[in-house]
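This report concerns only the one structure given below.
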């Protein structure tokens, strides 16, 4: 294992423990990746079927731009590697984080017909990259879930091309994909979007 | 204490601390078991009336296929040992975990008349052994609770025989029983089913 | 400080950290006591205005049956010492624990007119001392809150005399008092009653 | 770094970890300050854009009464430094803590038209400085959020002058500002107000 892969794995492992404490990666749900190099594109990504709350550097793999494993082959890469690579390319992202929270799951279902939900008026929005005011209206697209990874990746790419200003995408009944220029940016985006989804979800229930 | 019992006890103790952090085993609720050997059948199981958040290997017992304690006798086995043995036999399970969460408790009551609840459309379902798509429809049977352990075990056996594809069973007003080929599989099943029960429960409340 | 007071203080301190993790003693709310001796009656009790999540043995005091401080006088005893002593006498309790949870607070208000709420049908009830079946109906009396400690203590004594089988009492808009023969019994009663209050509270909201 | 700044930074860092565990400072939300000296006024305040769950003393800055950085200049002070200074002056506060909870965010929006919400009848209110009874009626003013810091500070100053007995202020869709004579008082006020906001929020949803 290269020193760089180990360092990135340790950092993503800390994030996993943090998210696990908040029940955002229960079971073996979620997957995380970070860019090791741009040219050629090399991505560090969590192996398939490992728990994100107890990640060790040995549970990460290095893949090339086609998703093929480079070097050591301890386990296979997450089935959703394609989505990570597409997001990295479309957004010049340095890291992609995917979480499964209860609120994200519920809202992705309740708003599926509108193919997204709008979040506005929250100061928390300012934590999203490039957002300067709570008056910002953040559109979170919702994409139909699919076990055919090529088809699902196609839908996600279409959304990334169409909605160029979004910071995250919900897969229906599945969870949140978000990203950032750095690992820290992506981590902050998860925390902000999960907070906002919970706030929007709770506010959408009836009040006396 | 055999080295094997100690190792299994330590592993189940870690799971207990994890579940306790999520309030799934408050009071002295819940009980955990794992198979030590198949022939003859030997099960490691939590002693009765101990807190699952602070388990030590000394709080586990070894029982035979009739539920009689083998060797050391520090405490008595959980009153629900019968259920663990029946599940192990009917499902060739390597571990059985029983939790008491608020959402599981509420839903087991709300859906008692239908003798179960169906969960479908969630990506999380794919974490259940043998499930390959979110389009899967998971039936979670609900069994009437009973203090007569022979009668309760009879009901659970009937469900296990009838609903051969289920991954867990709710006892009404009581909690969740789930299992897996390995301890890790059973732990993952608890996390997934508890996540899904919370998601289904929250989604079942009214929305504006 | 006697060795005994230190030992009891450390044990109650652990309980405080556990309850604090669950947000049952936010601010400086709650107070804990345990019996050091019966004849003469000596009670270890948390000092007033300390945080229950960071208790040290030095934050406990020893009081006699009249509530007067014995020996070392580092701080004053909790204003609610009277209630602790009355419960210890009326119930031969070895420990009394008082918590302030959100669910307990809300329910104590919603059911104030009925002067209590009934909890039944939950397996968790069996964790209460002397309860052998989930068919048990646990009555949790609700007492009007009062800043006049003599008057409040009088109301609590009246309830303890009338409802001889209860395991806990809610003070309206204030929180839960529970107790047990040992510190472990009292701790278990808090966990069980707080679980049940949350379950009853969530189930009392509308369902689709 | 002076020894005093380091000590204060460590204490505020502990508070940050505590609040982060409760999801009150997700993303890089929130900011904390404490008075180092009164004459001349020197404030220790969190640097802008740092996570409050992992604060180190190096992530704090010292500012004067105009908000200009004194000495070492590692990062820039929080954009909301003006609000901290105004609160410190208007209330002779020794510390100011700002948190972003889901319940505070939702309620600040639901009650925005009344420019505040009243909280009464809770024993927890007694943890607020100077409050002696649960019959106290605490008014929590809600101020319209604004990215123009001078304008926002003006509104907050107007509220501080008008509502001289309040212990905290909600910025709409943004979060809670509270303060105290000491850091411990301010920390306690956060815990109490966040508890009360959750209790009021949950109680405001319909009941069967």
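Which one of D:92, D:108 is in contact (Cβ under 8 Å) with a residue 60 or more places away in the chain and over 23 Å from residue A:120 (Cβ atoms)?
D:92
Taking only the stretch A:177-208 into account, find how many residues are more than 7 Å from chain D (Cβ to nearest Cβ) and under 16 Å from residue A:22 (Cα atoms).
7
Residue by residue, here is whether (1) in contact with a strand residue (DSSP E or B) (Cβ under 7 Å, 6 or more places away or on another chain); (2) closer than 18 Å to residue A:120 by Cα holds:
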residue: D:104; (1), (2): yes, yes
residue: D:114; (1), (2): no, no
residue: D:128; (1), (2): yes, no
residue: D:166; (1), (2): yes, no
residue: D:172; (1), (2): yes, yes
residue: D:178; (1), (2): yes, no
residue: D:185; (1), (2): no, no
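Is it fair to say residue A:55 is within 19 Å of residue A:6 (Cβ to Cβ), touching a strand residue (DSSP E or B) at 6+ places or on another chain (Cβ under 6 Å) and at pLDDT 95 or above?
Criteria not met by residue A:55.
So which residues in the stretch C:26-44 are in contact (Cβ under 8 Å) with a residue 40 or more places away in the chain and closer than 17 Å to residue C:95 by Cα, if there are any at all?
C:30, C:31, C:32, C:33, C:34, C:35, C:41, C:43
Restricting attention to strands (runs of 3 or more DSSP E) lying wholly within the stretch D:108-208, give those where 1 or more residues are at pLDDT 95 or above and closer than 16 Å to residue D:86 by Cβ.
Of the strands (runs of 3 or more DSSP E) lying wholly inside the stretch D:108-208, those with at least 1 residues that are at pLDDT 95 or above and closer than 16 Å to residue D:86 by Cβ span D:137-143, D:168-171, D:175-180.
Being farther than 30 Å from residue D:205 by Cα and either buried (at least 17 other Cβ atoms within 10 Å of the Cβ) or within 13 Å of chain B (Cβ to nearest Cβ) (or both) is the filter here; which residues of the stretch C:92-132 pass it?
C:93, C:94, C:95, C:96, C:126, C:127, C:128, C:129, C:131, C:132
Evaluate the following for residue C:48: is it in contact with a strand residue (DSSP E or B) (Cβ under 8 Å, 6 or more places away or on another chain), within 17 Å of residue D:185 (Cβ to Cβ) and crowded, with 16+ Cβ neighbours inside 10 Å? Step through it out loud before you land on a result.
Values: in contact with a strand residue (DSSP E or B) (Cβ under 8 Å, 6 or more places away or on another chain): yes; within 17 Å of residue D:185 (Cβ to Cβ): yes; crowded, with 16+ Cβ neighbours inside 10 Å: yes.
Judged against the criteria, residue C:48 is a match.
Return the residues of the stretch C:1-31 that are touching a strand residue (DSSP E or B) at 6+ places or on another chain (Cβ under 6 Å), closer than 23 Å to residue D:22 by Cα and more than 14 Å from every other protein chain (Cβ to nearest Cβ); say none if nothing qualifies.
Within the stretch C:1-31, just C:12 meets the criteria.
Can you name the residue in the stretch C:72-91 that is within 14 Å of chain D (Cβ to nearest Cβ) and part of a loop (DSSP other than H, G, I, E, B) and is also nearest to residue C:55 (Cα to Cα) among such residues?
Step by step, filter the stretch C:72-91, then rank; the result is C:78.
I'd like the full set of residues that are within 14 Å of chain A (Cβ to nearest Cβ) and either over 15 Å from the mean Cα position of the chain (by Cα) or without any contact (Cβ under 8 Å) to a residue 60 or more places away in the chain (or both), limited to the stretch D:143-168.
Passing the criteria: D:143, D:144, D:145, D:146, D:147, D:148, D:149, D:151.
Within the stretch B:10-48, track down each residue that is over 16 Å from the mean Cα position of the chain (by Cα) and within 18 Å of residue B:84 (Cα to Cα).
Listed by number, the residues that qualify are B:36, B:37, B:38, B:39, B:40, B:41, B:42.
Which one is surrounded by the most Cβ atoms within 10 Å (Cβ to Cβ) among residues in the stretch D:133-142 that are touching a strand residue (DSSP E or B) at 6+ places or on another chain (Cβ under 6 Å) and within 14 Å of another protein chain (Cβ to nearest Cβ)?
Going through the qualifying residues, I end up with D:142.
Using the structure shown, decide if residue B:104 is in a loop (DSSP other than H, G, I, E, B), at negative phi and modelled with pLDDT of 95 or more.
For residue B:104, the condition - in a loop (DSSP other than H, G, I, E, B), at negative phi and modelled with pLDDT of 95 or more - is not met.
Among the residues in the stretch A:54-63, are any within 25 Å of residue A:195 (Cα to Cα), surrounded by 15 or more Cβ atoms within 10 Å (Cβ to Cβ) and under 14 Å from the mean Cα position of the chain (by Cα)? Step through it out loud before you land on a result.
We begin by selecting, within the stretch A:54-63, every residue within 25 Å of residue A:195 (Cα to Cα); these are A:54-55.
If we keep only those that are surrounded by 15 or more Cβ atoms within 10 Å (Cβ to Cβ) as well, we get A:55.
Next cut, under 14 Å from the mean Cα position of the chain (by Cα) only: none.
Checked the stretch A:54-63: no residue is within 25 Å of residue A:195 (Cα to Cα), surrounded by 15 or more Cβ atoms within 10 Å (Cβ to Cβ) and under 14 Å from the mean Cα position of the chain (by Cα).
The values are calculated or read from the model by the stated rules, or taken from the named source; none is laboratory data. Predicted model only: the values in this text are computed from it and were never measured. Positions of Cβ are backbone-derived with ideal geometry, glycine not excepted, and every protein chain shown enters the neighbour counts.
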